[in-house]
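The values are calculated or read from the model by the stated rules, or taken from the named source; none is laboratory data. Values in this document were obtained by computation on a predicted structure and should not be read as measured data. No Cβ is skipped: glycine too gets one built from the backbone with ideal geometry, and neighbour counts run over all protein chains shown. Note: areas computed on protein heavy atoms with side chains; ligands, DNA, RNA excluded. Shrake-Rupley method; radii C 1.70, N 1.55, O 1.52, S 1.80 Å.
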Amino acid sequence: MPRDNDKLTGVQKAAILFITLGPEASAGIIKRLPEAEIQKITYEIANITSVKQDQRQDILQEFIEMNKARDYLLEGGIEYAKNLLGKALGPQRAKEILDKVTEATQQYRPFAIARKADAHQLMNVISNEHPQTIALILCYLQTDKAGQLLSSLSEDVQSEVAYRVATMSNTSPMVIKEIEKVLDSKLSSVVRSDMTVIGGVQTLVDILNQVDRTTEKNITENLEREDPELAEKVKESMFVFEDIISLDDVSIQRILREVEVKDLAMALKGCSEEVAGCIFRNQSKRAAASLKEDMEFLGPVRLMDVEKSQQKIVAVIRRLDEAGEIVIARGGEDAIVV
């Protein structure tokens with residue numbers, strides 16, 4: 001799925017799905033939802049002005065895939081679902097879909113509070129537990145979080161826990177319930193599972209993306225004086241490499257004159273076809289062909305090298321924006337610039 005869709009919330013995706021399905025089909029689904037969810041979704045529907053056709057198709061496809069995954073899970077469990085989805089979609093896509101389905105249903109699974117805690121908090125709580133207990137807990141966590149915890153254990157404990165995870169089959173529900181109760185009690189002092197997560201860097205970025213340039217500049221300059229490290233985090237999130245598709249062709253052509261070809265070739269190795277097409281479209285045929293050859297010549301590259309080159313290009317974009325040579329669309333007065 002294009003990266004643009006990955007930035008959407010579940011409510012936004014649901015709104016686009018219902019728009020895609022049309023009023024008759026959507027009505028039968030919406031009336032089965034809780035009132036609070038209906039209000040959120042209808043609010044999003046009312047505020048959506050346009051949706052790209054490919055975005056509709058991608059979200060509809062994701063909905064179909066997740067429903068298949070949920071059916072397979074109910075029929076035969078995680079391994080059965082993984083096997084069937086893997087054959088149809090490939091192992092990586094199957095894992096992504098199953099992770100989303102299991103995440104969506106985590107409130108019905110044991111160790112829900114542990115799943116909400118971050119890896120560092122969990123590590124402080126379970127590091128002295130018996131390897132069998134740790135193994136059981138890892139089995140119920142998100143795989144990325146379980147991986148972080150396993151990596152943080154000492155080498156001898158790592159091996160023992162890994163062995164117990166691999167050989168674990170059936171566990172008494174009473175045992176699971178008792179371990180979960182003890183763990184929840186320990187976590188209660190460090191995790192408030194009933195608190196809503198609000199604020200943070202991304203929230204500020206979302207807000208700044210809707211204000212005029214002057215307001216944004218005043219805020220970021222003040223942040224630089226008060227907390228340079230936080231200011232840099234905000235700046236890094238304000239415009240990412242993939243956002244280049246939101247710029248007009250004249251701006252993109254101006255940016256390309258400032259970017260080194262080697263950085264551009266490396267940056268495009270890790271981007272979507274949409275981003276690459278946007279770049280090629282703003283080059284001459286000869287330059288585009290040469291760039292494609294440079295990309296092929298690079299062969300397999302490290303993700304960190306791709307991200308480093310993308311960051312260099314984003315730095316150029318920010319510099320040109322601050323100099324007024326290009327315009328990054330924002331809210332406020334900038335919203336009327338075409």
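Points worth noting:
- Unique match (being farther than 24 Å from residue 325 by Cα, at pLDDT 85 or above and surrounded by 16 or more Cβ atoms within 10 Å (Cβ to Cβ)) among 285, 269: 269
- Criterion violated by residue 278 - all others in (1) under 27 Å from the mean Cα position of the chain (by Cα); (2) outside any helix (DSSP H, G or I) satisfied: (2)
- Matching residues, segment 241-266, being open to solvent by less than 80 Å² (accessible area, probe 1.4 Å), outside any helix (DSSP H, G or I) and more than 24 Å from residue 299 (Cα to Cα): 247, 248, 258
- Neighbours by Cβ (under 7 Å, 6+ apart or cross-chain): first from segment 15-33, polar (S, T, N, Q); second open to solvent by less than 40 Å² (accessible area, probe 1.4 Å): 20/59; 26/18
- Residue count for segment 83-98, restricted to those that are open to solvent by less than 70 Å² (accessible area, probe 1.4 Å) and more than 18 Å from residue 140 (Cα to Cα): 7
- Helices (runs of 4 or more DSSP H) (entirely within segment 1-103) containing at least 3 residues that are at pLDDT 80 or above and over 27 Å from residue 114 (Cα atoms): 10-21, 53-89
- Any chance residue 156 is open to solvent by 90 Å² or more (accessible area, probe 1.4 Å) and of a type in the set (D, E, K, R): yes
- Among the residues of segment 288-308, just one is modelled with pLDDT under 90, out of contact with any Cys (no Cβ under 9 Å at 6 or more places or on another chain) and open to solvent by less than 30 Å² (accessible area, probe 1.4 Å), namely 299.
- Figure legend. Inter-residue proximity from segment 288-306: first residues in contact (Cβ under 8 Å) with a residue 12 or more places away in the chain and of a type in the set (Val, Ile, Thr), second residues assigned to a helix (DSSP H, G or I) and open to solvent by less than 100 Å² (accessible area, probe 1.4 Å), beta-carbon distance below 8 Å, spacing 6+ or different chains. Indicated pairs: 301/266; 306/266; 306/267.
- When the criteria are applied in full, residue 147 fails the requirement of being within 30 Å of residue 321 (Cα to Cα) and either modelled with pLDDT of 80 or more or under 26 Å from the mean Cα position of the chain (by Cα) (or both).
- Count of segment 110-132 residues which are open to solvent by less than 30 Å² (accessible area, probe 1.4 Å) and either acidic (Asp, Glu) or part of a helix (DSSP H, G or I) (or both): 8
- Answer residue from segment 167-188, given it is touching a helix residue (DSSP H, G or I) at 6+ places or on another chain (Cβ under 9 Å), under 13 Å from residue 125 (Cβ atoms) and not hydrophobic (A, V, I, L, M, F, W, C) and is most open to solvent (accessible area, probe 1.4 Å) among those: 186
- Residue, nearest to residue 304 (Cα to Cα), within segment 272-282, restricted to residues that are open to solvent by less than 40 Å² (accessible area, probe 1.4 Å) and among the small types (Gly, Ala, Ser): 276
- All told, residue 191 falls short of being under 30 Å from residue 238 (Cβ atoms), modelled with pLDDT under 85, open to solvent by less than 80 Å² (accessible area, probe 1.4 Å) and hydrophobic (A, V, I, L, M, F, W, C).
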